[in-house]
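Visitor: To start, I am sharing the structure in question, which I have written as structure tokens.
Rule-based calculations on the coordinates, nothing more; no lab input. Bear in mind the structure is a predicted one, so any value in this text is a computation, not a measurement. Cβ atoms come from the backbone with ideal geometry, glycine included; neighbour counts cover every protein chain shown.
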Amino acid sequence: MQYLLLIHDDESQDNGDLMPEYMAYTEALGASGALVGANQLQPSDTATTVRVRGGETLVTDGPFIETKESLGGYYLVEAGSLDEAIEWAAKIPSARFGHIEVRPVVMRQAQVSA
Amino acid sequence: MPTNPAGWLVTVAKNRAVDRIRRDQTLRRKTELLIPPEETEPMDDTAIPDERLSLVFACCHPALGIEAQIALTLRSLGGLETGEIARAFLVPEATMAQRLVRAKRKIRDAGIPFRVPPDDVLPDRLAAVLRVVYLIFNAGYGPPVRHELCNEAIRLAAMLALLMPDESEAHGLHALLLFQDARREARVRDGSLVLLEDQDRALWDAGEIAAGRRALERALSLPARGPYAIQAGIAAAHSEGASDWAIVAELYARLAELEPSPVVELNRAVAVAMADGPEAGLAIVDAIDGLDEYYLFHSARADLLRRLERVDEARAAYTRASELAPSGVERDFLAGRRSAL
């Protein structure tokens with residue numbers, strides 16, 4: 001199964017330079033064969049929310065919901081079970097400061113045969 | 001008990017797949033391919049012990065809410081139907097059915113594994129399983145008493161002790177539940193609780209106490225004794241002809257080391273007062289922080305002050321306890337003590 005590990009943290013909080021830790025983590029994930037994809041996101045003040053209502057496109061500044069901890073990035077991993085996904089999630093450096101949401105991915109035919 | 005609990009747990013997954021096919025015929029073939037083969041094959045009815053153990057760890061997985069863990073455990077490993085579980089927890093049957101369906105879906109869709117967890121996480125996960133069984137027992141212990149829940153909890157604890165014979169806490173929990181259940185006829189009189197020291201010991205179930213002792217002995221013969229074994233030890237110390245307060249006090253001290261809490265400390269103080277006199281108990285009570293809103297804290301303190309003949313302070317403490325008491329029964333009791341000063 002694939003799981004999306006969504007990294008939420010408080011952007012206003014300084015947790016020091018986590019980059020070396022993130023690089024080591026990503027490398028370990030890659031070496032294990034579990035890494036499917038990963039990206040860091042620009043800060044939430046760069047977010048734009050788009051809606052289409054009655055055929056009209058409405059564009060607003062900022063994320064759809066303002067929260068203290070915002071989505072800062074993600075890993076997409078292949079794991080045998082939720083326990084394995086939880087193990088990987090717990091090793092993400094930001095798990096110590098913010099939180100990681102683990103979401104199973106709905107697998108469609110195209111991905112299954114790929 | 002469903003004839004095939006593991007099969008029952010995954011049925012919802014198949015039903016859901018069927019719904020999907022009905023909704024969208026074009027997805028039919030794809031959907032069938034999406035269901036892993038082990039989930040489309042019904043499991044064998046003769047579940048071997050390891051399967052029951054895998055099932056209990058899936059049902060008590062921390063990714064499920066505690067209410068769902070309790071309901072799933074009772075439904076898939078206990079002997080209760082959905083309606084019985086709903087009545088025991090005072091929720092409509094439809095609500096309970098919904099809770100079960102949702103939990104089963106999460107097990108399937110989130111990939112909660114059916115397996116005994118590896119050693120590095122086993123202690124935490126076992127503690128979660130034992131907690132579910134303990135909560136089932138407490139829900140039945142009342143008042144109002146619901147025997148079917150107590151019986152299920154004891155049966156589950158016995159099963160866990162049987163399947164994990166090397167886990168001290170599984171035996172410890174089994175022992176604790178047996179000791180507590182043994183007092184069920186003596187602990188409620190006319191609808192209200194009877195304190196342990198006021199219970200008619202002739203009403204205690206001697207057979208269950210003996211079984212509790214055997215389970216406790218097994219718990220104590222193994223390493224890694226934990227809070228359940230210690231609490232069972234306390235219950236055993238109360239089950240002699242008269243309570244052995246020195247041992248009870250010592251065991252509460254050990255429990256406080258493992259799970260520090262002001263309530264455990266209050267229990268220790270009461271035991272110390274019984275063993276070494278009210279002065280020693282009061283010293284511990286007065287060092288406790290954080291129970292100022294707890295009526296039993298003030299009633300225990302009042303009782304010690306009364307025995308020390310510090311009447312004015314005792315009166316004030318009874319008054320405070322009475323203000324915080326949860327119901328009229330306790331208030332009447334405290335008022336009686338206060339006016340007897």
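Visitor: In nanometres, what is the gap between the two model label sites at B:Leu258 and B:Glu309, each 7 Å from Cα along Cα-to-Cβ?
Guide: 4.2
Visitor: Using DSSP to define loop residues, name the GluC sites (Glu not before Pro) in the range B:153-231 whose beta-carbon has at most 16 other beta-carbon atoms within 10 Å.
Guide: Here the sparse-neighbourhood loop sites are B:Glu185.
Visitor: Name the residue, out of B:Arg155, B:Arg225, B:Arg102, whose mean-square fluctuation peaks in a Gaussian network model built on chain B with Cα pairs under 10 Å.
Guide: It is B:Arg102.
Visitor: What's the center-to-center distance, using Cα atoms, between the range A:7-65 and the range B:297-329 in Å?
Guide: Between the Cα centres of the range A:7-65 and the range B:297-329 lies a distance of 58 Å.
Visitor: Another question about this same structure. In the neighborhood of B:Ala63, defined by Cβ-to-Cβ distances under 10 Å, what is the net charge if each Lys or Arg adds +1 and each Asp or Glu adds -1?
Guide: So the environment of B:Ala63 carries a net charge of 0.
Visitor: Related question: Please list log₁₀ I(q)/I(0) at q = 0.10, 0.12, 0.14 Å⁻¹ for chain B, using the Debye equation with identical point scatterers on the alpha-carbon positions.
Guide: Values, matching the q order: -0.71, -0.94, -1.17.
Visitor: Taking the convex hull of the Cα atoms, report for the range A:2-113 its projected area averaged over all directions, in nm².
Guide: Values: hull surface 35.9 nm².
Averaged projected hull area, Cα only: 9.0 nm².
Visitor: Helix-only mean residue ellipticity at 222 nm, chain A, DSSP H runs n ≥ 4 weighted -39,500 (n - 2.57), per residue, nearest 500. What is it? Write out the running numbers ahead of the final one.
Guide: Details: 3 runs with 29 residues, N = 114.
Result for chain A: -7500 deg cm²/dmol, rounded to the nearest 500.
Visitor: Which angle from 0 to 90°, rounded to the nearest 10, does the C-alpha axis of helix B:311-324 make with the longest principal axis of chain B?
Guide: Compared with the principal axis, the helix lies near 20 degrees.
Visitor: Can you figure out the FRET efficiency of B:Arg331 with B:Asp200, using R₀ = 22 Å and their beta-carbon distance, to the nearest 0.05?
Guide: Approximately 0.35, to the nearest 0.05.
Visitor: Using a 7 Å offset from Cα along Cα-Cβ at A:His99, what residues in the range A:4-37 end up with backbone N under 20 Å from the label point?
Guide: Zone members listed by number: A:4-15.
Visitor: Excluding B:Val270 itself, what net charge comes from residues whose Cβ is under 13 Å from its Cβ, given Lys and Arg +1 and Asp and Glu -1?
Guide: Net local charge, B:Val270 excluded: -1.
Visitor: Oh, and also: Would you please give the FRET efficiency between B:Ala97 and B:Asp166, computed as 1/(1 + (r/R0)^6) with r the Cβ-Cβ distance and R0 = 30 Å, to the nearest 0.05?
Guide: In this case the efficiency is close to 0.20.
Visitor: What is the distance, in nm, between label points placed 7 Å from the Cα along the Cα-to-Cβ direction at B:Arg131 and at B:Glu67?
Guide: 1.7
Visitor: Less than 14 Å Cβ to Cβ from B:Leu135, Lys/Arg counted +1 and Asp/Glu -1: what total charge do the surrounding residues give?
Guide: Every neighbour counted, the sum reads 0.
Visitor: Between the range B:182-203 and the range B:219-240, how many Å separate their Cα centres?
Guide: Answer, in whole Å: 22.
Visitor: Using a Gaussian network model of chain B whose springs link C-alpha atoms within less than 10 Å, name the residue from B:Arg218, B:Arg183, B:Arg331 with the highest mean-square fluctuation.
Guide: The residue that fluctuates most here is B:Arg331.
Visitor: I'd like the orientation of helix B:295-307 relative to chain B: the angle between its Cα long axis and the longest Cα principal axis, in ° from 0 to 90, rounded to 10.
Guide: Helix B:295-307 and the main axis of chain B meet at about 30 degrees.
Visitor: Also: Quick check: residue separation of A:Val52 and A:Lys91 times 0.36 nm, minus the Cα distance between them. What number comes out in nm?
Guide: Full-extension gain reported as 10.2 nm.
Visitor: A further question follows. Residue by residue, what Karplus-based ³J(HN,Hα) values in Hz, rounded to whole numbers, does the range A:79-89 have, using 6.51, -1.76 and 1.60 with θ = phi - 60° and x for Gly and Pro?
Guide: 9, x, 7, 4, 4, 5, 4, 5, 4, 5, 4
Visitor: Let me ask another. Report the extension gain between B:Ala287 and B:Glu51 in nm, rounded to one decimal, defined as 0.36 nm multiplied by the number of residues separating them, less their alpha carbon distance.
Guide: 80.1 nm
Visitor: Tell me the angle of helix B:66-77 to the major Cα principal axis of chain B, expressed in degrees between 0 and 90 and rounded to the nearest ten.
Guide: Between helix and principal axis, roughly 60 degrees.
Visitor: Can you pull the semi-axes for the protein assembly as shown, root of five times each eigenvalue of the Cα gyration tensor, sorted largest first, whole Å?
Guide: Its equivalent ellipsoid spans semi-axes of 49, 30, 22 Å.
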